[in-house]
Amino acid sequence: MAEQTAHNRLVGGSSPPGPILKANLGKRIMETDIKTLYQLSQIDSQIIKIENLLKKIPEEIQKLKEKKEALILKLENVNNQLKKLETLKREKEIEIQEQEDRILKIQQNLDKVKTNEEYKALLREKAHIEEIIMEIEDEILQIMEEQEELQEEKKEIEKQVEEEKQKIDKQIKQKEEEIENLKLQLQKLKEEREKIKETIPKPLLSKYETIKQARGGVAVALAQDGTCAGCYMIIPPKLYSEIIKADKLFTCPHCGRFLYYEPK
C-alpha cells in the first residue's frame, strides 16, 4: 500500500519531476547560451577596438614622422637661404673688386691725359664708379644683416629640432611598442574566441555572425532598465520580463541584437 501511495504521489495532480528537470535543464542551457554569446560579443568588441587601433596608430606614427621631417625641412630652408646670401655677397664683393680695378686704371690714365676735358672726364667717371661701389657696399651690409638674422633663426630652429626630434622619436618608439603589444593581445583574443565558438551550437553561431555583420560588429546588447543598450530603444515590458527569466533567447525588436540581462 505504501508503494502505491508513493507511485500516486509521482503521477498525481502536481507536475511530475521528469518534465520539471527537463524544463530546468532547458533554462540552464538557454542561460549558458546567452552568457556564452555575450562573452563572445565582449571578445569581438575588444578585437574590433584593437584592430581599429592597429589601423590608427600607424597613421599617428606617419604624422609624427612628417612633423619631424617638416622641422628638418625648415632648418634646411634656412641653410639654403644662408648659402644663397653668401653667394650673393661674394658676387657683390667681386663687383666691387672689378670697379676698384676700373678706378686704378683711371688713376693711371690721369697722369697721361693732355687736355683738361679728358682729365675732367676721367674724374667724373671715377666719381661715378665710386658711387656704384658705395651702392654695392650698402647692398653687402644689407645682406650681412639678413645673414645675422638668419643665423639667429637657425640657432633657434636647431634647438627646436633637437628637442622635438628626441620627443617625436620617443613617441614613435612608444607607439611601435604599443603595436606589438596589441598584436599579442589580438592573437590571444582570437584564440579565446575560437575556444568559445566551439561551445556554441552552429545554427546559433551562424545567427550571431549574421547579426554581428549587420550591426557593426555588436551582436549582443545588454537589456538594462527596460532599454536595449545596443540601440537605446525601449523594450516592450512583457518582452523585458521574459528576458529577465532567461528561459529563452530573445532579440531586440528594434535592432535585432540578442538581448542579455545581467542581474545587478
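All of the numbers you see were taken from the coordinates with simple rules; none came from a lab. Note that the coordinates shown come from a computational prediction; the quantities given were computed from them, not determined experimentally. Using ideal geometry, Cβ is built from the backbone for each residue, glycine included, and neighbour counts are taken over all protein chains shown.
For a test of the definition: using alpha carbon positions, the gyration tensor, and the 1.5 limit on a/c, classify region 51-198 as rounded, prolate or oblate.
Prolate, because a/c is 1.5 or more and a/b exceeds b/c.
Provide the packing ranking of 202-213, 108-119, i.e. peptides ordered by the mean count of other C-beta atoms within 10 Å per residue, highest first. Don't skip to the end; give the middle numbers.
Values: 202-213: 14.6, 108-119: 10.4.
The packing order, highest mean first, is 202-213, 108-119.
Hey, what number do you get for the chain at 222 nm if only DSSP H runs of n ≥ 4 count, each worth -39500 (n - 2.57), divided across all residues, to the nearest 500?
Numbers: 5 runs with 208 residues, N = 264.
Result for the chain, helices only: -29000 deg cm²/dmol.
For semi-axes √(5λ) of the Cα gyration tensor in Å, one of (i) 96, 17, 12; (ii) 32, 20, 16; (iii) 29, 20, 18 was computed from the structure I shared and the rest are decoys. Which label?
Checked against the structure: label (i).
How long is the gain from N80 to L150 if the chain were fully straight, where each residue apart is worth 0.36 nm and the alpha carbon distance is subtracted?
Going from the current span to full extension adds 24.2 nm.
Given an 8 Å cut-off on Cα distances and at least 6 residues of separation, report the relative contact order of region 51-198 as a percent.
On the way: 57 pairs, mean separation 64.7, N = 148.
With pairs under 8 Å counted, the relative contact order is 44 percent.
Give me the percent relative contact order of region 182-264, please, defined on Cα pairs under 8 angstrom at least 6 residues apart. Don't jump to the answer; show the numbers that get you there.
On the way: 81 pairs, mean separation 20.5, N = 83.
Computed over region 182-264, the figure is 25 percent.
What is the local net charge at L85, summed over the other residues whose Cβ is closer than 14 Å to its Cβ (Lys, Arg +1; Asp, Glu -1)? Mind dumping the intermediate values first?
On the way: positive: K83, K84, K89, R90, K92, K154; negative: E86, E91, E93, E139, E145, E146, E148, E149, E152, E153.
Net charge in that neighbourhood comes out at -4.
Relative contact order, percent, of the chain when contacts are C-alpha pairs under 8 Å separated by at least 6 residues? Each step should come with its number before you reach the end.
Details: 185 pairs, mean separation 73.6, N = 264.
Computed over the chain, the figure is 28 percent.
In nm, give the distance between the simple-model label positions of K202 and L184, each being 7 Å from the Cα along the Cα-to-Cβ direction.
3.7 nm
Write out the cysteines belonging to the chain for which the nearest other cysteine Cβ is not under 4.7 Å, or none if no such cysteine exists.
none
What is the calculated FRET efficiency for Q213 to E158, with r their C-beta to C-beta distance and R₀ = 51 Å, to the nearest 0.05? Present the calculation step by step, with values, prior to reporting the outcome.
On the way: r = 54 Å, r/R0 = 1.06.
Working from the Cβ atoms, E equals 0.40.
Leaving out same-chain residues fewer than 8 places away, which lysines sit with a Cα under 21 Å from that of K264?
The reachable lysines, counting only those whose Cα sits under 21 Å from K264, are K27, K35, K238, K245, K248.
Using Cα springs under 10 Å in a Gaussian network model of the chain, which residue among E156, E130, E69 shows the largest mean-square fluctuation?
Highest fluctuation of the listed residues: E130.
Using Cα positions and a limit of under 23 Å, work out the lysines in reach of K67, with same-chain residues fewer than 8 apart set aside.
Within the straight-line limit of under 23 Å, K67 reaches these lysines: K55, K56, K154, K155, K159, K165, K167, K170, K173, K175.
Pop a pseudo-label 7 angstrom from the Cα along the beta-carbon direction at both Q62 and E135 and give the gap in nm to one decimal.
Calculated label separation equals 5.4 nm.
What is the helix-to-structure angle for 2-11, meaning the angle in degrees between its Cα long axis and the longest Cα principal axis of the chain, kept from 0 to 90 and rounded to the nearest 10?
So the helix axis and the longest Cα principal axis differ by about 40 degrees.
Can you give me the distance in nm between label points at K120 and E192, each placed 7 Å from the Cα along the Cα-to-Cβ direction?
10.6 nm
Relative to the longest principal axis of the C-alpha atoms of the chain, give the angle of the C-alpha long axis of helix 116-197, reported between 0 and 90° and rounded to the nearest 10°.
Approximately 10 degrees, to the nearest 10.
Please state the charge dipole magnitude for the chain, taken about the Cα centre, from unit charges on C-beta atoms (+1 on K and R, -1 on D and E), reported in debye and rounded to the nearest 20.
Values: 48 positive and 52 negative charges, 726 e Å.
The dipole of the chain has a size of about 3480 debye.
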